[in-house]
Amino acid sequence: MIEIAHWLVETNPLARSIIRKFRDFLAGEGISWVAKNEKVEAVIQKFWDDPVNNFNRKLAQKIQQLFKFGEQCYPAFTSENAGNVRLGYVDPANIAEVITDPENCEVLLGVRLKSKGGKKGKRYKVIWDTDEEIASPAGAVLRETFTDGECFYFAINNDSNSARGRSELLPSADHLDAYENFIFDRLDMRSLVNSFIWDTTIEGKTQEEINDLAKTMPPPKRGSEFFHNERVKREAVTPDLKADDASADARLAKNHILA
């Protein structure tokens, strides 16, 4: 689904618009925060403005990627001297597994990355928003096997018994693709809609006589005149492709996707 979501956002204008609407709804006017303690505020401000974290520039992108992929994993790196915290980013496609407590699937223990280049994938311990031990005894033991660092992990559209997140585009992926193909088909048919043929009727002539006349009567050019008697009729005929029906179908598909 990760590859499909990325492909849709990259190639499908409607899919991109959907994801950007989520982004703009949450961060369109920016995000502000306030800390009552001045020292705490200074720490947060330093974290926020860090040249790598750079939330003023990256926050909207992070939100967009969360709705696009359905999950985010940020390894946290802490400076041993100053204590500053910087966040990395793990491509969701590189996440092999999110491990939960064997006795409580709602408690996330760690994130295991896929092996790469012959090297075993890293195992990050998920950072909790509490100092309290919330894992079961078995979970606490398992959690200690994640020794490659710590990370923040966020997921959307997942169930309690399914730790991995899901893209916001998952339910409408097939419909988005079908809608895009529908639009392309209609554009391909545009040349037919705007085209016509000349239909010439000649009364009182055999087919052979009509064939001979056709050789001397080429289709009229723009701005030219056509002289004939009452037994000859020429008119332009355009195809009836039921464009109104196509518009109704397009609205139906689009409304279904945007539901």
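Go through the residues of the range 34-48 one by one and say whether even a single one is under 26 Å from I95 (Cβ atoms) and touching a Leu at 6+ places or on another chain (Cβ under 6 Å). No, the conditions are met nowhere in the range 34-48.
Under the condition of being aliphatic (A, V, I, L, M) and closer than 19 Å to N56 by Cβ, which residue from the range 1-39 is most open to solvent (accessible area, probe 1.4 Å)? Please lay out each step first, then the result.
Step one: filter the range 1-39 for residues aliphatic (A, V, I, L, M), giving 1-2, 4-5, 8-9, 14-15, 18-19, 26-27, 31, 34-35.
Still in the list and also closer than 19 Å to N56 by Cβ: 26-27, 31, 34-35.
Working: L26: 86, A27: 18, I31: 82, V34: 137, A35: 17 Å².
Among those that are aliphatic (A, V, I, L, M) and closer than 19 Å to N56 by Cβ, it is V34.
Within the range 151-172, the only residue that satisfies the criterion of being acidic (D, E) and either without any contact (Cβ under 8 Å) to a residue 24 or more places away in the chain or surrounded by fewer than 19 Cβ atoms within 10 Å (Cβ to Cβ) (or both) is D159.
With respect to the conditions (1) at pLDDT 95 or above; (2) among the polar types (S, T, N, Q); (3) open to solvent by 60 Å² or more (accessible area, probe 1.4 Å), N56 lacks only one, and its number is (1).
Sub-8 Å Cβ pairs linking a first residue in the range 177-194 that is more than 25 Å from W7 (Cβ to Cβ) and part of a helix (DSSP H, G or I) to a second residue that is open to solvent by 80 Å² or more (accessible area, probe 1.4 Å) and modelled with pLDDT under 75, at least 6 apart or interchain, are V193/T238, ordered by first then second residue.
Remark: pairs (first residue in the range 105-127, open to solvent by less than 40 Å² (accessible area, probe 1.4 Å); second residue polar (S, T, N, Q) and not in a strand (DSSP E or B); Cβ separation under 7 Å; 6+ apart in sequence or on different chains) = L113/N94; G121/S115. Of all residues in the range 152-175, those satisfying the criterion of being touching a Lys or Arg at 6+ places or on another chain (Cβ under 8 Å) and polar (S, T, N, Q) are N157, N158, S167. Screening A259 against (1) at pLDDT 80 or above; (2) closer than 30 Å to V98 by Cβ; (3) open to solvent by 100 Å² or more (accessible area, probe 1.4 Å) leaves a single unmet condition, (1). Got at least one residue in the range 201-209 being at pLDDT 75 or above and surrounded by 13 or more Cβ atoms within 10 Å (Cβ to Cβ)? Yes, the conditions are met somewhere in the range 201-209.
The values are calculated or read from the model by the stated rules, or taken from the named source; none is laboratory data. In this text the structure is predicted, and so the values were computed from the model without any measurement. Note that each Cβ is placed from the backbone with ideal geometry, even for glycine, and that neighbours are counted across all protein chains shown. Ligands, DNA and RNA are excluded from the accessible area calculation, which covers all protein heavy atoms including side chains. Shrake-Rupley method; radii C 1.70, N 1.55, O 1.52, S 1.80 Å.
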